[in-house]
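What follows is one structure encoded as C-alpha cells, with my remarks underneath.
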Amino acid sequence: MKIIIIGNGMVGYKFCEKLIAKNPQDIELVVFGEEIRPAYDRVHLSEFFSGKTAKDLEMAPASWYEDHGVKLHIGDPVMHVDCQNRTVTSHAGITESYDYLVFATGSSAFVPPIPGVEKDGVFIYRTIEDLEMMRDWAPKAKKGAVIGGGLLGLEAAKAMIDLGVTDTHVIEFAPRLMPRQIDETGSAILQAKLESIGLHILTSTNTLEITGSDKISGMRFQNDQLLDVDMLVISAGIKPRDELAKSAGLAIGARGGILVDSQMLTSDPHILAIGECALYEGMIYGLVAPGYEMAEVAIATLLGSDKQFTGFDMSTKLKLIGIDVASFGDPFSSDAEVRSIVLEDRNKGIYKRVNISADGKMLLGGILIGDAEQYNMLLQTCKNQVVLPPNPEDIILGSRGGESEGGAGVLSLPDDAMICSCEAVSKGDICSHVINGAENVEAIKKCTKAGTGCGGCVPMVKDLVNHTLKSQGIYVRNVICEHFDYSRQELLDLVHLHNLRSYDEVLSAHGHGDGCEVCKPLVASLIASLWNEMILDKGNDTAQDSNDRFLANIQKGGTYSVVPRIPGGEITPDKLIVIGEVAKEYNLYTKITGGQRIDLFGAHLTDLPAIWEKLIEAGFESGHAYGKALRTVKSCVGSTWCRFGLHDSVSFAIQIEERYRGIRAPHKIKGGVSGCIRECAEAQSKDFGIIATEKGWNLHVCGNGGSKPQHALLLASDIDSETCIRYIDRFLMFYIKTADPLTRTATWLNKLEGGIDYLRNVVVNDSLGLAEELESEMQKLVDNYVCEWKAAVENPEFRKRFSHFVNAPEEKDPTIDFEVLRDQKKAKAWN
Amino acid sequence: MVETMNNTWFLACQVQDVPENGGVCVKVKDQQIALFHFARRGEWYATQNECPHRQQMALSRGMIGSQGEEPKVACPFHKKTFSLKTGACLSGDVEAIKTYSVMVKDESVYIFLESDEI
Ligand code: SRM
Ligand SMILES: Cc1cc2nc3c(=O)[nH]c(=O)nc-3n(C[C@H](O)[C@H](O)[C@H](O)COP(=O)(O)OP(=O)(O)OC[C@H]3O[C@@H](n4cnc5c(N)ncnc54)[C@H](O)[C@@H]3O)c2cc1C
Ligand code: SF4
Ligand code: FES
C-alpha cells in the first residue's frame, strides 16, 4: 500500500511517526512539504525569539525520514491531485501515484481584507520564515500592533515586546479579550494583567485601513481614530488550507475546511484529511492534540481497525511567560443547573472559576487567570470525571488547612487518565515506564513522548515519576531492618499475597538472618492486622513485643497491669464490684485511667490467668491496653441524660468500640464520641472523633494527644451512623495498610501527600476505587474477633507460659517488691 | 583441680518447656537464669536473667534474634540488646551480662554452672 501525505507540519509528521511505530508491513510512505524544512514544533514557535533555533524546534531530523524509509520532498508543494488516476503532481514536477492520499495541509493565518495588508511591516505569525522576517524588521520599529486578541494574538503581542517593540497595541474587534475561551470577568482581569506588562489594549475596535506608502505607518479605525504604527502582526484567526482539496473536487465546508467523517475519510474513499485542514462536524480543531488524535484515527482507518474521532476537548493554556491563562471543559455554564464557584482577587490579578454539576460531584469546566497551577489537575479531574471533594471550592482555593497540594492529586486519577493529551499518554503508561526504569522526566519524555507536545503536563509527569518512585521505595526505601529489604507496606502485601500466618514463615520466605526486636513485632502485627487470629498461636508468641506476648503491659519491677475493656466507659455496679474484689484478692493497685476505664497494676505474671478468668466470668474482655490496637472509645453521657445532648453518644461509642476491639494496627487507635458541640469526650484529640450534630454526626480523624498534640480534622459532616461506620472502616483499614510502623494516624496524615483532602477523596469519594475492598477487609477482621484473654486462659499450652520460673511454676519472682502509698501499693523505684 | 569436681550440669527443664525462638527463666537456688531455645539455628543459650540496665528480672521475656551473625536478646523494658554468645551489650553503654553453656540430652536441658555459682 502506498500512502502519500500532503503537508509536513506537526500532524503530518505525527502521522508518519505513529504509523511507523506500528511496524506495518508493505507500506510505502511519500511526504510532500511546502515549507523548506522538515516539520517543526509550531506550538513552541515563540521560543524562536527566546533563542531556540529552527533545528531545536525540529520534530525529527531529515535523516529520521530516511532511516524509516519515508520519501520526503520538502520545499515542494503539491499543485495537483488527480483523484481518477490517483496521482499527485508537485511544483517541481514530480508525479507520484497513491493508493491512499492524506491531506495534512494545516491552516494559514486568516488575513481580513483590510486595505493595506500587503504593505511592508505587516506580518502573520505562523511559520519560522514569518518569525525570521519579524526579527529582521523589529529593530527598525518603535510602535507595534497586533490585530486579534485571541490566544495567538496575545502570544504574538508578547513576542513583540520581547523583540523590543515595547510600545505595542492589541486591537480586538470583540468587546473583550479571548471571548471564546474566557468569560467577561476573566477578560477584564486578563486585560489589567496585560496592561501591567506594558501592552495597550483596544477592544471593540475595527480596523478600516492600514496606512503608509510601501511601508506601514499607521492604522485607521472606525470613527476615524488613528494610530501610528510601524510594525503590525495580523492574528485574526486561522483559515484551513483547503485550496488543493477543493480543486481536486473534494467536499469542502461552507466556511472552508475539508469535510471528513469520524474515520477521517473525505468525500473520496481513497483520500483522508487530518489536522487543522480537516472539518469535522462543522469544526476546525486549531490545536495540536486533536490533530494527533485524528492522525491516530486515520492510521486505524488505513490499517482496517476500528477507531472513531468523536470530537475533542478544546481546553487551552496560554503560554505567556508571567501570565497564566487557561480554560478547560465548558468554561461558560450555559445550563441553569450548573453551579459556578468563583474566586476573584483583583488586587493580585487572580480569577478562577469552576463550573460544577448540580449534585456537586463533577467538574464541568472552568477558567483560570493569574494562577493556572491547578490547570492540569483540574483538566484531568474534569476529563476523567473524578468525583469532587465535599467542599468543591477546595479545588481552586487549595486546602486551607496548611496541607500542601503536593502531587497527591495525581494519585487520585485513574490509570487511564490522559496525562499528556498531545501525545495521548496515560497515567498508567507513565507509571509503568517508571517502574521499568525510566526514573526521571527526561527518560519519560524519551520513551513515551509525554511532555514533548505543549509541555503543559510536565509538572504532572514529574509528580507521577516521584510518586511512583516513592511507592516503589526507590528514593525513600523505608526498609524495616537488616532482616527484611522491604517497607512495611510492601511486606504487608507480600504476607497477604502469600497467605503467610507466622513470623517464621515470613522470615523464611522474604527475609534473611534470624530476625530481631524490630521486625518481629512488626511482622507479628502485620499478621494480626491481616488475619486477626489469636496472636499467641502458630509460634507467633515469641515474635510479639513483651506486652503482647503476655497480653499485659510490663511495668516497673516486672509486674503487669490488667485493663479490662469497659466500652464507652459505661459500667454496671456489679461489674465495678467484681473489679474491686479481684483487685483485693490479688493485691492490685487500682486507678481510673485517662481512657475512662480502670487499670489494675502490680499483677504477678503467674497470677494473670487466674485474674482474667475471674474477670471473664463476670463478662469482661481484654482491653488490649498492651497492643497496638483499639484502646478506648471515650464517650460523654449524651442525650440519655445530658440536657444538651443531641444523640445517644454512649450507645454509639459502645457500638464502635465493640466493632473495632482487638484489631491490630501500626500503632494504637483511640476514638471518642461526643453528644454535642461542647465536646466533653474530647473526640477531636482522637484518631477518630465523632461529634453529634442536628442532622447526624461529624467525623473527625487523625487527632492525637501525647507529646505532640494535634487536633483531628473534619472528614465528613452530618452523616448518619451507618455512613459514619463505613467511613471509619475505610479510614482505619487504609491506615492499617499504608502507615509506617509505630506511626499514629496524626503522623501518618502529616506525611500523606495531599493531606486531609487526599484522605477524604479516598475515604469519602472513593477516588481509588478501594472503598468496597477496605470495608470487606474490615468486616473480616470484625468477624474474626475473639477475646484473646479468653482464648489464653482456656488453652493449657498458652496458660503454661504465664509463669515466672519454668522449673517452679507456682513460685512468684521473689525480687519483686512494693512500697505503700495512700492505702494501696506502688512499684519500687528504679535503683 | 578440686573445684572442678563441684562444677555441675544443672537440669533446667525439658525441651518442650521452652518456647521455640523464645526464653524461660530457670530458678537455680536463689538465682535466676534466662534460657533460650534459638530454634531457627538449632542452638541453646543461657544468660543471667537480670538486665543490668535497670536491674529488672526480665531478659528471659526478651526477644531473641540476630545482628549480623551475632545471636542476641533484647530486654523487654528498654530494648537494650546483648550478645547471647559473649554477653556483651550490643546497643550501648550497659555492662555485659553473664553467659552459661547449655547442653541438651534426651530432651532434657542442662545449664553448666561453676562451683561458685551453686
Ligand atoms: C493508664 C494510662 C494512664 C492513666 O493512668 O490514665 C496510660 C498508661 C500508659 N500509657 Fe498512655 N495511658 C493512658 C492514657 C493515655 C492518653 C489519654 C487518653 O487515651 O485519652 C494518652 C494521650 C492521648 C493519645 O494517645 O493520643 C496517652 C498517651 C500515651 C503515649 C503517647 C502516644 C503518642 O501518640 O504520642 C504513650 C507511648 C506510646 O504509646 O508509644 C503511652 C503509653 C502508655 C504506657 C503503655 C507506657 C508503658 O509502656 O508502660 C502506660 C501503660 C499503662 C499500663 O500499664 O496499663 N500513652 N495515654 C491511660 C490508659 C488509658 C486506657 O484506659 O487505656
Ligand atoms: C504561534 C502558534 C502557537 C500555537 N500554540 C499552540 C498551543 O499552545 N497549543 C496547541 O495545541 N496548538 C497551538 N498552535 C496550533 C498548532 O500549531 C496547530 O494546531 C498545528 O500545528 C496543526 O498541525 P497541522 O499539521 O494540521 O498543520 P501545520 O502545522 O500548519 O502543517 C501543515 C503543513 O502543510 C503544509 N502545506 C500546506 N499545503 C501544502 C501543499 N499543497 N503541499 C505541501 N505542503 C503543504 C504547510 O506549509 C505546513 O507546513 C499554535 C500555533 C501557532 C502558529
Ligand atoms: S503519661 Fe507517661 S508516666 Fe503517665 S502513664 Fe502515660 S506513659 Fe506512663
Ligand atoms: S531494664 Fe532492660 S533495658 Fe532497661
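The values are calculated or read from the model by the stated rules, or taken from the named source; none is laboratory data. Computed from a prediction, not measured in an experiment: that's the story for all the values here. Neighbour counts run over all protein chains shown; Cβ positions are idealised from the backbone, glycine included. Side chains included, ligands, DNA and RNA excluded: accessible areas come from the protein's heavy atoms. Shrake-Rupley method; radii C 1.70, N 1.55, O 1.52, S 1.80 Å.
Side notes on the structure shown:
- Residue in segment A:340-347 that is farther than 22 Å from A:Pro414 by Cα and open to solvent by less than 30 Å² (accessible area, probe 1.4 Å) present: no
- Residue that is basic (Lys, Arg), crowded, with 16+ Cβ neighbours inside 10 Å and part of a helix (DSSP H, G or I), where the choices are A:Lys246, A:Lys193, A:Lys239: A:Lys193
- When we screen A:Arg255, A:Arg220 for residues that are part of a loop (DSSP other than H, G, I, E, B) and either over 28 Å from A:Glu132 (Cβ atoms) or among the aromatic types (Phe, Trp, Tyr) (or both), the only hit is A:Arg255.
- Filtered by the rule that a residue be near ligand 2 (Cβ under 7 Å from one of its atoms) and open to solvent by 10 Å² or more (accessible area, probe 1.4 Å), segment A:11-21 gives a lone residue, A:Val11.
- For segment A:348-375, the candidate set comprises residues that are β-branched (Val, Ile, Thr) and open to solvent by less than 10 Å² (accessible area, probe 1.4 Å); within that set, the residue that is farthest from A:Val458 (Cα to Cα) is A:Ile356.
- Conditions (1) at pLDDT 90 or above; (2) more than 16 Å from ligand 1 (Cβ to nearest atom); (3) of a type in the set (A, V, I, L, M); number of the one not met by A:Leu768: (1)
- Across segment B:25-61, the number of residues qualifying as aliphatic (A, V, I, L, M), within 8 Å of chain A (Cβ to nearest Cβ) and within 12 Å of ligand 4 (Cβ to nearest atom) comes to 2.
- Just one of the listed residues (A:Asp766, A:Asp783) is closer than 24 Å to A:Arg565 by Cβ and open to solvent by 30 Å² or more (accessible area, probe 1.4 Å), and it is A:Asp783.
- Just one of the listed residues (B:Ile64, B:Ile97) is at negative phi, more than 16 Å from ligand 1 (Cβ to nearest atom) and within 11 Å of chain A (Cβ to nearest Cβ), namely B:Ile64.
- When segment A:196-211 is filtered for residues that are farther than 30 Å from A:Asp371 by Cα and open to solvent by less than 30 Å² (accessible area, probe 1.4 Å), the ones remaining, listed by number, are A:Thr207, A:Ile210.
- Here B:Glu69 clears all of (1) within 16 Å of ligand 4 (Cβ to nearest atom); (2) surrounded by fewer than 24 Cβ atoms within 10 Å (Cβ to Cβ); (3) among the charged types (D, E, K, R) except the condition numbered (1).
- Taking segment A:638-651 as the range and being surrounded by fewer than 24 Cβ atoms within 10 Å (Cβ to Cβ) and either under 30 Å from A:Gln824 (Cα atoms) or not β-branched (Val, Ile, Thr) (or both) as the test, the residues that pass are A:Ser639, A:Trp641, A:Cys642, A:Arg643, A:Phe644, A:Gly645, A:Leu646, A:His647, A:Asp648, A:Ser651.
- Within segment A:655-672, the set of residues being within 19 Å of A:Gly703 (Cβ to Cβ) and in contact with a Pro (Cβ under 6 Å, 6 or more places away or on another chain) comprises A:Glu657, A:Pro666.
- Which listed residue, of A:Pro24, A:Pro38, is more than 9 Å from ligand 2 (Cβ to nearest atom), buried (at least 17 other Cβ atoms within 10 Å of the Cβ) and assigned to a loop (DSSP other than H, G, I, E, B): A:Pro38
- Test: B:Thr86 is in contact with a Gly (Cβ under 7 Å, 6 or more places away or on another chain), away from chain A (no Cβ under 11 Å) and more than 16 Å from ligand 1 (Cβ to nearest atom): no
- Options A:Ser707, A:Ser776; residue that is of a type in the set (Ser, Thr, Tyr), surrounded by fewer than 21 Cβ atoms within 10 Å (Cβ to Cβ), modelled with pLDDT under 95 and not in a loop (DSSP other than H, G, I, E, B): A:Ser776
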